[in-house]
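Working notes, beginning with the structure itself.
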Amino acid sequence: MRRWLLLILLGCFVASGLVALAQDDEQVITITVRCRAKPPMENWRGNNFILAAEELNADLEAAGDPRRVKVEIIQDNIGWGDYVTEFVLGYQAGEAYDIWLSGHEYIGAQAEAGRIIPLDDMLKEFPIFNLVIDSLWDSARYKGQIWGVPQDAEARPLYWNKDLLRQLGWSDEEIEALPEKIKNGEFTLYDMLAVAKEAVDKGIVEPGNGFWTRPKNGPDFTAFYYAFGGETIDPETGKLVFDTEAGLRYYKFFYDAAHNYGSMGCLGLGWSEAWHPGVSGGKVLFWVGGTWQWAEWAELYLKDLGGEDYMWEHFGFGLIPAAEKGGKPNTLTHPLVYMISSQCEHPDLALALIAKVTNYGPNTRHAIASTHLGILKNQTEYKFYKVSHLLSEALYMLDYTTFLPNNPYWGPYSTVTYEALAAVVSGDLTPEEAVEFVVDGLQRELGGNVIIR
């Protein structure tokens, strides 16, 4: 009896020794993850990596890999300028984060500086990346290579007020058919202006309230330039491009919207003081906004009227219409992407973590909590994604989406082209003069870094 007890105790000691030996053989590797997020809605951007690390460690153990991952997450809501500066300074000090989440438009500058690595070869090792909606990879390309993995998406639809369309004599059937007519290229940008002008002429909306864009410079305007055939980047050289023919049509559209159709009077308005109350309060017929703003209108401006239920009854949305009959409509998406620093000592583990958070469950957690569109094919069929009516209805827009160019000089380009647009809307420049203004301004600001076509 005692001998058996001694044998059992001896076995326990040997087993515990083997466990200790196995633990000693493990290599614990810390992967730092830096995210910008608005709490609490966007916390899953970073927090998903906590669960991902547990899963990855189980995979490593099963594969006989002695490495184990520990994640260190740094997540807050500082300004974008400070956020990017922090990454650059950290890199210069040799302390760059391993995984860095940022807007895709920063890829060009970071790739040129050598601060991030291309991912093409490594992506093939994780089949989950094949489920990412194909068009989203375009946002992460620079000079023919992929430098980041999309984390979330959104769209910028054209919205409309159903009540105002009814006052114009539209039937409910015609209103419900509008998104499909836009998708098929049957309802164009100028058709929209014609309806907006009719609403102004009949006194249904005030002059200037037929069609609103965002009130200040921003990504949305670029989608209209694309609609008229414009290009912003040369894929071979990575240089910015301004197409004068497309630019002329683009500026003529906004000149017509303001002066010949009397429908656009939104530039310069304050967001909370006038813009949001205007579009949510039934004062504007058509407007362009983000899918993420749907929740903002429901919670901050229309909650007392029923919130989202009220909005589904009174608001509609679709793609930004094509410029011509039979043309392709579009929208614009500004994905955030996970990038891997060139100072990361274990990029394979960093990408393995990103692969884990790119699955349906983690991505849907973030999408639902933050009112962002998902990034995966067939995500509308996923049980927990279906709970959001808006996200399910809008996900198809990513098949029609466009992106800002990944170029370090996009800031000056955007400023010059918007200044011309604002001058056209105010009547200070004709469309032809606006094109001349842009060409002169871009050549002065960017020199050989821009191609004028």
Give the ranking of Tyr255, Tyr418 by solvent-accessible surface, highest area first, calculated with a 1.4 Å probe.
Tyr255, Tyr418
Give the distance, in whole Å, between the Cα centre of the range 384-453 and the Cα centre of the range 225-294.
9
Taking the square root of 5λ for each eigenvalue of the C-alpha gyration tensor of the range 128-208, the equivalent ellipsoid has semi-axes, largest first and in whole angstrom, of 38, 14, 11
Return the carbon/sulfur percentage of the accessible area of the range 186-294, one whole number, probe 1.4 Å, all protein chains in place.
50
How many Å³ per residue does the convex hull of the Cα positions in the chain occupy?
171
Along the charge dipole of the range 178-289, which of Phe187, Phe242, Gly203 sits closest to the positive end, that is, farthest toward it, with unit charges on the beta carbon of Lys, Arg, Asp and Glu (+1, +1, -1, -1)?
Gly203
For Lys216, what accessible area in Å² do you get when you roll a 1.4 Å probe over the heavy atoms of the protein chains, rounding to the nearest 10?
90
Quick calc, the range 98-229, dipole around Cα centre from Cβ unit charges on Lys, Arg (+) and Asp, Glu (-), nearest 20 debye, gives 380
Can you flag which of Lys197/Lys283; Lys328/Lys377; Lys181/Lys386; Lys252/Lys325; Lys216/Lys239 are past 23 Å Cα-Cα?
Lys181/Lys386; Lys216/Lys239
Just the number please: accessible area per residue for the range 37-190, 1.4 Å probe, all protein chains included, in Å².
44
Magnitude of the charge dipole, the chain, Cβ model with Lys/Arg +1 and Asp/Glu -1, debye to 20:
760
Tell me, what is the per residue accessible area of the range 301-453 in Å², probe radius 1.4 Å?
40
Carbon and sulfur: what percent of the range 38-119's accessible surface (1.4 Å probe)?
51
Got the relative contact order for the chain handy, in percent, Cα pairs under 8 Å and 6 or more residues apart?
25
Taking every Cα atom in the range 192-308, find the radius of gyration and the maximum pairwise distance Dmax, and write them in Å.
16.4, 53
Below 15 Å, Cα to Cα, which aspartates and glutamates can Lys356 reach? Residues fewer than 8 away in the same chain don't count.
Glu54, Glu55, Asp59, Glu125, Asp152, Asp348
Counting only DSSP beta bridges with both residues in the chain, what percent are antiparallel, rounded to the nearest 5?
55
If each DSSP helix of 4+ residues adds -39,500 (n - 2.57) and the sum is divided by the residues in the chain, what number results at 222 nm, nearest 500 deg cm²/dmol?
-13000 deg cm²/dmol
Based on the Kirkwood radius over alpha-carbon pairs, what value in µm²/s does the Stokes-Einstein equation return for the translational diffusion coefficient of the range 352-428 at 4 °C and 1.567 mPa s?
85
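The values are calculated or read from the model by the stated rules, or taken from the named source; none is laboratory data. Computed from a predicted structure; not experimentally measured. With ideal geometry, Cβ positions are generated from the backbone for all residues, glycine too; neighbour counts draw on all protein chains shown. Note: areas computed on protein heavy atoms with side chains; ligands, DNA, RNA excluded. Shrake-Rupley method; radii C 1.70, N 1.55, O 1.52, S 1.80 Å.
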